[in-house]
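Below is one structure, written out as structure tokens; comments come after it.
Values in this text are rule-based calculations from the coordinates and carry no lab data. None of these values were measured; they are calculated from a predicted model. Note: ideal-geometry Cβ built from the backbone for every residue, glycine included; neighbour counts use all protein chains shown.
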Amino acid sequence: MKKAIFPVLSEYEAKLQAQQKFTESFRYASPSLLLQDAINDLAGTSPRHYESYRNQVVAFAEEWRAYFLPRMFNNEWMKKEDFEKLPVFVFEYEKVPSTATSDFTGLLLFVLVTLIISSVVYRNIATKVLLAS
């Protein structure tokens, strides 16, 4: 089963990484992407956080298999004390590099440039309207 799923998961991960690289290259051109990235980072749901979580889940799945497979192949019944020894998944929050500061800085810069351009355009239109009157 694991061998059958591996190519599908590998293809999914490759496409996900390609999509994230593409998005990453255009994030400073879009205030919505910058804001979304910053919020995801602060919430702990960024792609880097997801990758950390997923790696822990994969490691736990291996631990789970290592616990059960020998028992299955030996046709061992579970005893009460075996249930107490079951592996337990415990998520460990890893320190993932934060991009929230750079995202908010980029967003602030984007807003600042927009305000400057808007004020220049407004001033030019206002001047033309006053001269026309």
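Evaluate the charge dipole of the chain about its Cα centre and quote only its size in Debye, nearest 20, assuming +1 on the Cβ of each Lys and Arg and -1 on the Cβ of each Asp and Glu.
Result for the chain is approximately 420 debye, rounded to the nearest 20.
Provide the gained length on full extension for the span Leu109 to Arg65, in nm with one decimal, where the gain is 0.36 nm per separating residue minus the Cα-Cα distance.
10.8 nm
Taking the chain as the reference, fit the longest principal axis to its C-alpha atoms, fit the long axis of helix 100-132 to the helix C-alpha atoms, and give the angle between the two in degrees, 0 to 90, nearest 10.
Orientation of helix 100-132: about 20 degrees from the principal axis.
Show me the ranking of peptides 30-39, 118-127 by mean Cβ neighbours inside 10 Å, starting with the highest.
Order by mean packing, descending: 30-39, 118-127.
Please sort 50-61, 68-79 by packing, taking for each peptide the average over its residues of neighbouring beta carbons within 10 angstrom, highest first.
50-61, 68-79
Once fully extended, how much extra length lies between Lys3 and Gln19, figured as 0.36 nm per residue of separation less the alpha-carbon to alpha-carbon distance?
Taking 0.36 nm per residue and subtracting the Cα distance, the gain is 3.2 nm.
Starting from the Cα of Thr101, step 7 Å along the direction of its Cβ; do the same at Tyr50; then give the gap between the two resulting points in nm.
With each label point 7 Å from Cα toward Cβ, the separation is 2.6 nm.
If r is the Cβ-Cβ distance from Tyr93 to Val121 and R0 is 35 Å, what FRET efficiency results, to the nearest 0.05?
According to the calculation, E is roughly 0.15.
So how tilted is helix 2-26 from the main axis of the chain? Cα-based, degrees 0 to 90, rounded to 10.
20 degrees
According to the square roots a ≥ b ≥ c of the eigenvalues of the Cα gyration tensor, what is the shape class of segment 1-110, taking rounded for a/c under 1.5, prolate for a/b larger than b/c otherwise, and oblate for the remainder?
Here segment 1-110 falls in the oblate category.
Mind putting a number on the dipole of segment 50-95 about its Cα centre? Charges go on the C-beta only, +1 for Lys and Arg and -1 for Asp and Glu, and I need it in Debye to the nearest 20.
120 debye
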